[in-house]
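Novice: Just dropping this structure here.
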């Protein structure tokens, strides 16, 4: 009944009610409506399947029930063989799952992922055409579980849900810093929780060759420091992903980014060797020689082997950032370009891609690559992944190629969730034709690993990636940033409960950073401090720490700070609320003063105590000084707002100069609150102009005097 | 030079200077003397080997340097192939390692584990006869690394070290709750850090059969819920352990504790089946039938297979806690006992052990078992592991059997580190002959897993096991409990840095327990609360939570509390200091008041806020009430001490009655501070008697009125 009703509203083109009731579900379902009452969740909860058995859904259910037990402390009944008990018949069960088809054992692009979930006070019903939808529905159901003083429950609700885009990915670079199996598996669990369905593994790079070749074992033997996935491990990982409805797309980056390949086979490079594994970051020269037949012999064998190993029809060959240095310097290669009328290096790259395409086609694989593969002659059906920007998407789809957006989803660059969230693969205002829009498959968050280790990678990936997952799943109109942040905080806990360590890594890391001399109070102060810090954004870290190599420990102040500081965001929102209004809210002013006082006490304690005696915290001293400056100016500005005694223009100028210095990053970390303090200082100094201006003009005036934020960009 | 000097003092029988300088090393070295100055530790630190290469020491060094880098943030120089750089010649290097012999690839009982470490301001020299000693020396060196405002350094020191006992073990039960590879590996890292050298794996139990048999795969297929070690994984684990100088002794518990065996083979049990895996705790009936030839057919094959898999010469066959129910009830078995003149069930057990011994002997293995194997006819060379107590050690060694003590080292029972620390396998006052003393091989901490999961097991194992490690390694005279606790807090951080999660698990666990409604302040209050709680001791948890099965989540209040609460110990010490003295120390009184005020604020916040609305914290309410009672009486008693106005005998009586109730455990947790509050109340009430008594008489009087603690006992 409810299905008809809601499918009806889809069919009638009625506006989608994206957030028709308050809930914490992320991504927001396409259609959700609150019902009356709630389904109590107790130890008597049982589940039954309607229709034929479906092992993947059964496994997903087992995992889901275990997670509910872990979260709630409830224990659901089991039989003596350890299986959860079902109700005797569907009508008796708390949850009934009906899944019409088994779907593909290995998920495929474009499979039906829709589901319908109806929760009444007596029963929850989950219906899906396909295994993938049933698994998504279970994740939604789990996110609906909540509690109050009366116990655990699921609110009555009707949900009809389906994804906006079929390709919703997370790319993990396991090369720059090796990321072992356990990291990938827990991230797969996190992906499933927010309905991401593509794990893109970046498996070869200048800094490491991370997959076992049985035909050319010297590749991983000499190119990986022993850190690579065996084929057996990879098969296990692919199974693990498939059990969670996730495709695995492997990337072997050629012809550039190839140093680790030519450690074993220097003769395949475009310049004489020998080569050693690259230990530093940046675009490097080594590139395969497309004029050398041996290159194709090796790739024919290797890619064939990988085509057998990875079941997904898409195989990613990278293709990015060949700087041309080795090709330009090699007369034989330049002669080849002339002899074959290839024009230039770009032509040679296209020639190379053509040869690779032929190899892949033989193995039934479609070619995928970064923007740079988009040359005349790119085979039809190839997928272009755009790291360069919306223009890349437009260019690819204009030529009829399916495209996946990664520009704007570079989570390694430490921008805010907000920035990623508002970045749309096919925004309404983009000048794309309908045909082009159909070719936009979705997007991928990319976690390049120059600056992350297995210890810290989760903290740079989550929870922000959940905001990207919502962008790729939910209707385009779901763009309420405060509501996104509210739900992001909740889903962050669910992700932690599923095994991710984006918060849990911090407590031990701070103890290590603080050293043996730190008291509990010291540690609490350090926590307050790192909570207002952020790691520097974009590629600033490489400029801050140019001497870092693959071996440098990544567990300092920058690594203990996290992107998109919630404490700073909260402070900033409160500052904006205060300075925006015509009438000063004394209560809000007092709360700001309290926050600044607490910060001041932590800053004092660290500056004069722990940081003065601990060698690891020496790097914190400049930032602690900046923090103190910001706190002082913040307090003065609030006092000025309270009393109405504005600072003189000279005093303001001097404060802004101090803040300019305080905004400088140190040790690859920075204080995002400086911007709010700047706005507070300006607002206090020009407070007398407020009444003469309407709200908009006042904000414009403030923005003029404080400067606007720079837009996010990315590369890889 | 220094070696001669210190070996000399050994040889001359001079008293061992166990703690000749302040340091944090645990276990305390046999002999250590502080030198002049310090060796600076910077990024220029290099290491050289003297003599032939030794791969295991090289690997241990690589791991050690990585740990130093992670802790200090320093980066040591590496060559382009990723290897740490050595100084050009030994004289140039910061550390020179000389290891005379490779030792056994698989560590053997009684191998030379000694080492000498000499650190001067210019160089550290590590000398060992054998690989094991070199690895121990590296661990000591790492523990010597410290910092002050001038940076990182190693103090100049001369150390001559060797273990008191050759068998220093940790037993992990992977059956009651499955503990996967990653848990075992990180615990091996922790063991190596504190110089433990035997991992005893309890691999079969009523609740699970956790090792792959290739001959009888139904054993693990039907008996494990899919949770078992494959033989390949076990070989990898044995290698991992050997690389850290640790033997792996497997235990297959027979003939009792055998439910999981007879799920696949009910015909081997002493009563008719069918059987299912046991899901609850306690001593169960199922026992193999020693009169059935098929039992020996299976064991012949299975133990032969295990003898091939596990290289250690000792193979543990359990042998404990056969309750006799099935044997008594089976007329055929009782007839067999009569026909073979075996006397009784004990005789049948001996008969069984004889048959098993013959199987093991054929495979070159020595039999090891719990106390119960000690019957007439036990083959010479068998090792008896005593869970019953010092009498077990005395009985075994009197009959010429080597013995290992586990009684008093049952870390799963949540007693204090102090209790374990003072428990000696061969105490000076024991009535053991010299020959008997030589047969005491050492001891083993035992982590039975009824009440631990992979998430919590570290928090029940560490850091207390480090105190046991010290008992087994350091000279018998090292028994300074406050110094042990001081160093235990430091080594706990080192263990965390090595990958153990005994502290790190808590932060996420508290977030889950607190639920989505908890603020940062709520979480801080909850942290204060669980820090003063302890899980109930001995076998009380089974009484508190009799309905728990293998499937019940273990992440409630009891699991977030940790044994040997440091906050409670600190409070207790401060209370004792105050009440002991003739003159009240006002400053100390004030500090106690501050602590009680902070506790009160947390208790209030939780009682009236979080715990009232969160279903998971309902179980905390009785304990929160008890805490509040204790805080109130503590405050009143301090006020009484301060003013000299003693409570009336009736008022005291009423307070003690309240405390009696408050001391009751709830939700498998309890408040160890109640005892201190009780002593505080009594001391305040009878304060007028203090001046009339000397210190000893006063303490005796207090003890009389407050009751003594009960001694620790154990079983398994």
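Novice: Restricting to region A:431-451, give me the number of residues that are touching a strand residue (DSSP E or B) at 6+ places or on another chain (Cβ under 9 Å) and either in a loop (DSSP other than H, G, I, E, B) or modelled with pLDDT under 95 (or both).
Specialist: Adding up the residues that qualify gives 5.
Novice: Would you say residue B:332 is without any contact (Cβ under 8 Å) to a residue 24 or more places away in the chain and either assigned to a helix (DSSP H, G or I) or closer than 29 Å to residue B:167 by Cβ (or both)?
Specialist: no
Novice: To continue, here is another question. Yes or no: residue A:245 surrounded by fewer than 24 Cβ atoms within 10 Å (Cβ to Cβ), on the phi > 0 side of the Ramachandran plot and at pLDDT 95 or above?
Specialist: Answer is no for this residue.
Novice: For region A:470-478, check the following and say yes or no: at least one residue is under 17 Å from the mean Cα position of the chain (by Cα), in contact (Cβ under 8 Å) with a residue 40 or more places away in the chain and not in a helix (DSSP H, G or I).
Specialist: yes
Novice: Continuing with the same structure: Among the listed residues A:276, A:262, which satisfies the condition of being assigned by TED's automatic domain parsing to the domain that holds residue A:221 and under 20 Å from residue A:317 (Cβ atoms)? Before the answer, list the steps.
Specialist: Working: A:276 fails: under 20 Å from residue A:317 (Cβ atoms).
That would be A:262, the only listed residue that is assigned by TED's automatic domain parsing to the domain that holds residue A:221 and under 20 Å from residue A:317 (Cβ atoms).
Novice: Which one of the conditions (1) surrounded by fewer than 23 Cβ atoms within 10 Å (Cβ to Cβ); (2) free of Cβ contacts under 8 Å to residues at least 40 places away in the same chain does residue B:454 fail to meet, given that it meets all the rest?
Specialist: The number of the failed condition is (2).
Novice: Looking at region B:67-83, which of the residues that are at pLDDT 90 or above, within 7 Å of chain A (Cβ to nearest Cβ) and assigned to a loop (DSSP other than H, G, I, E, B) is farthest from residue A:277 (Cα to Cα)?
Specialist: Result: B:73.
Novice: Against the definition (touching a helix residue (DSSP H, G or I) at 6+ places or on another chain (Cβ under 6 Å), in a loop (DSSP other than H, G, I, E, B) and free of Cβ contacts under 8 Å to residues at least 40 places away in the same chain), how does residue A:381 come out, yes or no? Show your work before the answer.
Specialist: On the way: touching a helix residue (DSSP H, G or I) at 6+ places or on another chain (Cβ under 6 Å): no; in a loop (DSSP other than H, G, I, E, B): yes; free of Cβ contacts under 8 Å to residues at least 40 places away in the same chain: yes.
When the stated conditions are applied, residue A:381 does not pass them.
Novice: Suppose the filter is away from chain A (no Cβ under 14 Å) and more than 25 Å from residue B:560 (Cα to Cα); does residue B:650 pass it?
Specialist: Judged against the criteria, residue B:650 is a match.
Novice: Please name all residue pairs, on different chains or six or more residues apart, with Cβ atoms under 9 Å, provided the first residue is in region B:569-594 and is outside the structural domain of residue B:677 (by TED's automatic domain parsing) and the second residue is assigned to a helix (DSSP H, G or I).
Specialist: none
Novice: Taking region B:87-100 only, how many residues are assigned to a loop (DSSP other than H, G, I, E, B) and within 16 Å of residue B:41 (Cβ to Cβ)?
Specialist: Looking only at that region, the number is 3.
Novice: From A:346, A:376, A:395, which residue is surrounded by fewer than 22 Cβ atoms within 10 Å (Cβ to Cβ) and over 29 Å from residue A:165 (Cα atoms)?
Specialist: Working: A:376 fails: over 29 Å from residue A:165 (Cα atoms); A:395 fails: over 29 Å from residue A:165 (Cα atoms).
The match here is A:346.
Novice: Any idea which of (1) within 14 Å of chain A (Cβ to nearest Cβ); (2) surrounded by fewer than 20 Cβ atoms within 10 Å (Cβ to Cβ) is the one residue B:617 doesn't satisfy?
Specialist: (2)
Novice: Okay, moving on. Would you confirm whether or not region A:211-220 contains a residue that is surrounded by 24 or more Cβ atoms within 10 Å (Cβ to Cβ), in the same structural domain as residue A:274 (by TED's automatic domain parsing) and under 26 Å from residue A:499 (Cβ atoms)?
Specialist: Within region A:211-220, one or more residues are surrounded by 24 or more Cβ atoms within 10 Å (Cβ to Cβ), in the same structural domain as residue A:274 (by TED's automatic domain parsing) and under 26 Å from residue A:499 (Cβ atoms).
Novice: Restricting to region A:285-318, name every residue that is in a loop (DSSP other than H, G, I, E, B), under 18 Å from residue A:203 (Cβ atoms) and modelled with pLDDT of 95 or more.
Specialist: Of everything in region A:285-318, those that are in a loop (DSSP other than H, G, I, E, B), under 18 Å from residue A:203 (Cβ atoms) and modelled with pLDDT of 95 or more turn out to be A:286, A:287, A:310, A:311, A:312, A:313, A:317.
Novice: Next up: Taking residue A:643 and the conditions (1) surrounded by fewer than 16 Cβ atoms within 10 Å (Cβ to Cβ); (2) farther than 30 Å from residue B:150 by Cβ; (3) within 14 Å of chain B (Cβ to nearest Cβ), which numbered condition does it fall short on, given that it satisfies the others?
Specialist: Tallying (1) surrounded by fewer than 16 Cβ atoms within 10 Å (Cβ to Cβ); (2) farther than 30 Å from residue B:150 by Cβ; (3) within 14 Å of chain B (Cβ to nearest Cβ), residue A:643 fails exactly one: (3).
Novice: Which condition number in (1) out of contact with any strand residue (DSSP E or B) (no Cβ under 6 Å at 6 or more places or on another chain); (2) farther than 19 Å from residue B:520 by Cα; (3) surrounded by fewer than 20 Cβ atoms within 10 Å (Cβ to Cβ); (4) within 11 Å of chain B (Cβ to nearest Cβ) is the one that residue A:556 fails?
Specialist: Condition not satisfied by residue A:556: (3).
Residue-by-condition table, conditions (1) closer than 17 Å to residue A:508 by Cβ; (2) under 24 Å from the mean Cα position of the chain (by Cα):
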| position | (1), (2) |
| --- | --- |
| B:482 | no, yes |
| B:488 | no, yes |
| B:496 | yes, yes |
| B:506 | yes, yes |
| B:526 | no, no |
| B:533 | no, yes |
| B:551 | no, no |
| B:569 | no, yes |
| B:576 | no, no |
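Novice: Are any residues in region A:502-536 more than 16 Å from residue A:558 (Cβ to Cβ), facing chain B (nearest Cβ under 9 Å) and crowded, with 22+ Cβ neighbours inside 10 Å, and if so, which ones?
Specialist: If the condition is that a residue be more than 16 Å from residue A:558 (Cβ to Cβ), facing chain B (nearest Cβ under 9 Å) and crowded, with 22+ Cβ neighbours inside 10 Å, then A:508 is the only one that fits.
Novice: Condition test on residue A:309, is it within 35 Å of the chain's Cα centre (by Cα), surrounded by fewer than 22 Cβ atoms within 10 Å (Cβ to Cβ) and under 30 Å from residue A:133 (Cβ atoms)?
Specialist: yes
Novice: I want to confirm something. Restricting to region A:43-63 and keeping residues that are touching a residue at least 60 places away in the same chain (Cβ under 8 Å) and more than 14 Å from chain B (Cβ to nearest Cβ), which single residue is surrounded by the fewest Cβ atoms within 10 Å (Cβ to Cβ)?
Specialist: Per the stated criteria, the residue is A:56.
Novice: Taking region A:103-122 as the search range and keeping residues that are part of a loop (DSSP other than H, G, I, E, B), touching a helix residue (DSSP H, G or I) at 6+ places or on another chain (Cβ under 8 Å) and at pLDDT 95 or above, which one is nearest to residue A:198 (Cα to Cα)?
Specialist: Of everything passing the filter in region A:103-122, A:107 is nearest to residue A:198 (Cα to Cα).
The values are calculated or read from the model by the stated rules, or taken from the named source; none is laboratory data. The structure presented is a predicted model; accordingly, all values stated were derived computationally and were not measured. Counting neighbours? That spans all protein chains shown, and the Cβs are built from the backbone with ideal geometry, glycine included.
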